[in-house]
1. Please give every one of the aspartates and glutamates within straight-line cross-link reach of A:Lys14, meaning a C-alpha to C-alpha distance under 15 Å, and leave out same-chain neighbours fewer than 8 residues apart.
2. Would you work out if region A:41-106 is rounded, prolate or oblate? Take a ≥ b ≥ c from the square roots of the eigenvalues of the alpha-carbon gyration tensor; rounded if a/c is under 1.5, else prolate when a/b is larger than b/c, oblate otherwise.
3. Within 10 Å of each Cβ in peptide A:99-105, how many partner chain Cβ atoms are there on average? Round it to a whole number, please.
4. I need the shape label for the protein assembly as shown. Rule: rounded when a/c is under 1.5, else prolate if a/b > b/c, else oblate, with a, b, c from the alpha carbon gyration tensor.
5. In Å, what is the Rg of the alpha-carbon atoms in chain A, and how long is Dmax?
6. Would you list B:Lys105, A:Lys66 from fewest to most Cβ contacts within 10 Å?
7. Can you give the log10 of the normalised intensity I(q)/I(0) at q = 0.13 Å⁻¹, computed with Debye over equal Cα scatterers of chain B?
8. Apply the a/c threshold of 1.5 to the C-alpha gyration tensor of region A:9-48 and tell me whether it is rounded, prolate or oblate.
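Throughout, read-outs are computed from the coordinates displayed, never taken from laboratory work. Just so you know, these numbers come straight off a predicted model, no measurement behind them. Quick reminder, even Gly has a Cβ in these numbers, built from the backbone with ideal geometry, and neighbours come from all protein chains shown.
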Amino acid sequence: GAVVSQHPSWVICKSGTSVKIECRSLDFQATTMFWYRQFPKQSLMLMATSNEGSKATYEQGVEKDKFLINHASLTLSTLTVTSAHPEDSSFYICSAPDRLNSPLHFGNGTRLTVT
Amino acid sequence: KQEVTQIPAALSVPEGENLVLNCSFTDSAIYNLQWFRQDPGKGLTSLLLIQSSQREQTSGRLNASLDKSSGRSTLYIAASQPGDSATYLCAVEVGAGSYQLTFGKGTKLSVIP
């Protein structure tokens, strides 16, 4: 079946540094990928839609200059949290459909802790 | 704005029991509703997807129903097993093919051996 691989699975960084999270579609091409964020005891919230070869679309309230998304190929989207702060500590997870109108396939997520 | 609520937030049952998880949504104009399973620190596994025109879907011991007009869905798990312990998430998709899901906070299920 279609697999989405996300790396790293967890990361601890110091405040002010940047962190890059990768999301790969292993056996299918993904023209669109979705990035979600989940704070403790909260629901998953869509952050942005990543489009191959074009700019990402960000949801209201998500800073595009802080959360940089690059979707340079049909199998890779990256999310870079720039100048991370403790309030950015969260669970970030990506997803993608493997074909038109198929259900989304999710990565295993990345637990980010900013100290 | 679409809001999804899941009740209860947590549930503990002895092994072998049948159980029902509830999901409600405020805007009935949905494209589909999906139930996911999330294990601690892991990604999401899709369990069942119900299109807006459907009433229910079944997979093994799982049965999901959808009453779009009342904004409700239930996930029925038969003969629960310890391996069913996880957080179950309900999500609705509003626009056809938009893939923009609105999630509930989930129900954390513990099945006691």
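1. A:Glu87, A:Asp88
2. Here region A:41-106 falls in the oblate category.
3. Numbers: counts 0, 1, 5, 3, 8, 9, 4.
Going residue by residue through A:99-105 and averaging, the value is 4.
4. Verdict is prolate for the protein assembly as shown.
5. Spelled out, the Cα radius of gyration and Dmax of chain A are 13.3, 40 Å.
6. Details: B:Lys105 18, A:Lys66 15.
Starting with the residue having the fewest Cβ neighbours, the order is A:Lys66, B:Lys105.
7. Listed by q, the Debye log ratios stand at -0.44.
8. It comes out oblate by the Cα gyration axes.
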